[in-house]
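Student: Please see the structure below; I have some questions.
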Amino acid sequence: MDIAAGDIVLCEFYFSNLKQSKKRPVLVFKDNLPFEDFIGLPLSSKTEKLQQDELVIDNSKLPEGVLPVTSKIMLRKPFVVSKNNPQKRYGRIGEAYLSEILRCYCDY
């Protein structure tokens, strides 16, 4: 699957025992790392209490695709993911919102 910065994808993450896993949505934050990796920011549907480093994302921010539920982006938890990991693509956020996320990340 081709991915680019701004895509929201579903990735599978294994627990330390490597026997169980969870699938979680991830925002592709930077897609040009070596070794076919990208930097991702996790999404969570728990939006009741937002922290200073969390941004709400809903379908109004996606000119392309659909999120199942309104979610939040957690800026404090960037991580490296293999480009072979994504199982599904939900959509892509707009350039203006991606720039806002980058600005908020740098401020954080």
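Student: Which condition number in (1) at negative phi; (2) touching a residue at least 40 places away in the same chain (Cβ under 8 Å); (3) assigned to a strand (DSSP E or B) is the one that GLY91 fails?
Tutor: With (1) at negative phi; (2) touching a residue at least 40 places away in the same chain (Cβ under 8 Å); (3) assigned to a strand (DSSP E or B) applied to GLY91, the lone miss is (1).
Student: Given the conditions (1) part of a loop (DSSP other than H, G, I, E, B); (2) under 12 Å from ILE3 (Cβ atoms); (3) in contact with a Phe, Trp or Tyr (Cβ under 7 Å, 6 or more places away or on another chain); (4) not acidic (Asp, Glu), and given that VAL81 satisfies all but one, which numbered condition is not satisfied?
Tutor: Checking VAL81 against (1) part of a loop (DSSP other than H, G, I, E, B); (2) under 12 Å from ILE3 (Cβ atoms); (3) in contact with a Phe, Trp or Tyr (Cβ under 7 Å, 6 or more places away or on another chain); (4) not acidic (Asp, Glu), the one that fails is (1).
Student: Just the residues that are small (Gly, Ala, Ser) and surrounded by fewer than 16 Cβ atoms within 10 Å (Cβ to Cβ), please, taken from segment 71-86.
Tutor: Start the filter on segment 71-86 by keeping residues that are small (Gly, Ala, Ser), which leaves 71, 82.
Answer for segment 71-86, where residues must be small (Gly, Ala, Ser) and surrounded by fewer than 16 Cβ atoms within 10 Å (Cβ to Cβ): just SER82.
Conditions (1) touching a residue at least 60 places away in the same chain (Cβ under 8 Å); (2) in contact with a His (Cβ under 7 Å, 6 or more places away or on another chain); (3) farther than 19 Å from ILE101 by Cα, marked per residue:
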{"residue": "ASP2", "(1), (2), (3)": "no, no, yes"}
{"residue": "GLY6", "(1), (2), (3)": "yes, no, no"}
{"residue": "ILE39", "(1), (2), (3)": "no, no, no"}
{"residue": "PHE79", "(1), (2), (3)": "no, no, no"}
{"residue": "ASN85", "(1), (2), (3)": "yes, no, yes"}
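Student: Residues that are surrounded by 14 or more Cβ atoms within 10 Å (Cβ to Cβ) and not β-branched (Val, Ile, Thr), at least 3 per element: which strands (runs of 3 or more DSSP E) completely within segment 1-70 meet that?
Tutor: Qualifying strands (runs of 3 or more DSSP E): 7-14, 21-30, 37-44.
Student: Go through segment 87-108 and give me each residue that's within 26 Å of SER21 (Cα to Cα) and surrounded by 11 or more Cβ atoms within 10 Å (Cβ to Cβ). Step through it out loud before you land on a result.
Tutor: Pass one, segment 87-108, residues within 26 Å of SER21 (Cα to Cα): 87-92.
Residues satisfying the conditions are LYS88, ARG89, TYR90, GLY91, ARG92.
Student: Continuing with the same structure: Tally the residues that are modelled with pLDDT of 95 or more and over 13 Å from PRO42 (Cα atoms), restricting the search to segment 68-82.
Tutor: Number of matching residues: 2.
Student: Right, LEU50: free of Cβ contacts under 8 Å to residues at least 40 places away in the same chain and in contact with a Leu (Cβ under 9 Å, 6 or more places away or on another chain) or not? Working first, answer last.
Tutor: Numbers: free of Cβ contacts under 8 Å to residues at least 40 places away in the same chain: yes; in contact with a Leu (Cβ under 9 Å, 6 or more places away or on another chain): no.
When the stated conditions are applied, LEU50 does not pass them.
The values are calculated or read from the model by the stated rules, or taken from the named source; none is laboratory data. In this text the structure is predicted, and so the values were computed from the model without any measurement. As a convention, Cβ positions derive from the backbone with ideal geometry for all residues, glycine included, and neighbour counts pool all protein chains shown.
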